[in-house]
């Protein structure tokens, strides 16, 4: 059983760690954020790491190279037998995006596998279908996310001007599914982005997997436009959780605290469609009362208090 900072037992609430960047920089913050919610049990396991490589734009448009390196090294230190970094880009060719981000060079240096999902044959996609989905033909999850023993996700904090409204951990799951599957004449991303139920459909993708932990790099964020560019604010924090609804709710609270779009600011956080649909599906906590924001210093705790008020 995983234990957190100081050996805390599992919490009846969804724990979201919030760590301010200090002298140790991003490395210390990421490591402490993960430790606070409990190191995942990955010893002797094959781990898939899902970053945000929707495009090759600089952080927070995509995962920071340092964050990717830190997480791969941490996973290996925790005893993983194999690490695979996999993603599908939405704004450009996946392989080219990974090349521009230096992922293949890093893979050689740190000895992990990098898979641009856009290159996969039809046999490497698993069809997911359910009568309650808003996806007309279901969707296709990359097989690697079913074959690995654990999934660790790292997302950014930003708004999304193409209908998602915000793109955090729930939305980051879009990069795990196919735009098109060879031999199937359907554009699943066209279906998603043209649907009035887009934000419901985003949440529904998350039924297909359960992450061991999610790390949100919120050192910088986009408070408008997005996902590749926007007005930059600096929360200067890293979050981690095993609950996607909880971490996204806290992320939205940060966007609201920094001043964001009307779509992200309207109503209560748990009334926003991505989060509300995820709650309906049982993907995470049902409300702010189920979230425990965990900090280790006074500055972080003061900021957490601000976010708790926004979440109410």
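What are the semi-axes of the equivalent ellipsoid of region 5-311, taken as the square roots of 5 times the eigenvalues of the Cα gyration tensor, listed largest first and rounded to whole Å?
Numbers: eigenvalues 142, 108, 68 Å².
Equivalent ellipsoid semi-axes, largest first: 27, 23, 18 Å.
Given a cut-off of under 8 Å on Cα pairs at least six residues apart, what relative contact order in percent is computed for the chain?
Values: 664 pairs, mean separation 69.2, N = 312.
About 22 percent, as a whole number.
Mind checking the full-extension length gain between residue 119 and residue 13? Use 0.36 nm per residue of separation minus the Cα-Cα distance, one decimal, nm. Display every interim value, and only then the final one.
On the way: separation 106, 0.36 × 106 = 38.16 nm, distance 3.96 nm.
Roughly 34.2 nm would be gained on extension.
Let me know the Rg and Dmax you get for region 9-109 when you use only its Cα atoms, in Å.
Using the Cα atoms of region 9-109, the pair Rg, Dmax is 14.8, 44 Å.
For region 82-154, list log₁₀ I(q)/I(0) at each q in 0.19 Å⁻¹, using the Debye formula over Cα point scatterers of equal strength and ignoring solvent, two decimals each.
Per q value, in the given order, log10 I(q)/I(0) is -0.89.
Any idea what log10 I(q)/I(0) is at q = 0.10, 0.17, 0.20, 0.23 Å⁻¹ for region 109-206, Debye with uniform C-alpha scatterers and no solvent?
Summing over Cα pairs of region 109-206 leads to -0.28, -0.82, -1.11, -1.38.
Defining a contact as two alpha carbons under 8 Å apart and six or more residues distant in sequence, what relative contact order in percent does region 161-254 show?
On the way: 106 pairs, mean separation 27.3, N = 94.
This gives 29 percent for region 161-254.
Could you compute how fast region 172-312 diffuses translationally, taking Rh as the Kirkwood radius over C-alpha pairs and applying Stokes-Einstein at 10 °C with viscosity 1.306 mPa s? Give it in µm² per second. If you can, show how the numbers build up before the last one.
Details: Rh = 16.3 Å.
Answer from the Stokes-Einstein relation: 97 µm²/s.
Would you give the gap between the C-alpha center of region 93-163 and the C-alpha center of region 230-251, rounded to a whole Å?
21 Å
Starting from the Cα of residue 162, move 7 Å in the Cα-to-Cβ direction to define the label point; list residues of region 96-128 whose amide nitrogen is under 16 Å from there.
Counting only backbone N, you get 96-98, 117-118.
Could you work out the relative contact order of region 47-142, using alpha carbon pairs under 8 angstrom and six or more residues apart, expressed as a whole percent? Could you put the intermediate results ahead of the total?
Details: 126 pairs, mean separation 25.6, N = 96.
Relative contact order comes out at 27 percent.
Would you please report the Å³ per residue occupied by the convex hull of the alpha carbon atoms in region 220-265?
Details: hull volume 3.6 nm³, N = 46.
That works out to 78 Å³ per residue.
Evaluate E = 1/(1 + (r/R0)^6) for residue 127 and residue 306, where r is the Cβ-Cβ distance and R0 equals 41 Å; express this FRET efficiency to the nearest 0.05. Kindly include the intermediate steps, with their values, before the conclusion.
Values: r = 44 Å, r/R0 = 1.07.
My answer for the efficiency is 0.40.
Laboratory data are not the source of any read-out in this text; all were calculated from the coordinates shown. Quantities reported herein were computed from a predicted structural model and do not represent experimental measurements. Note: ideal-geometry Cβ built from the backbone for every residue, glycine included; neighbour counts use all protein chains shown.
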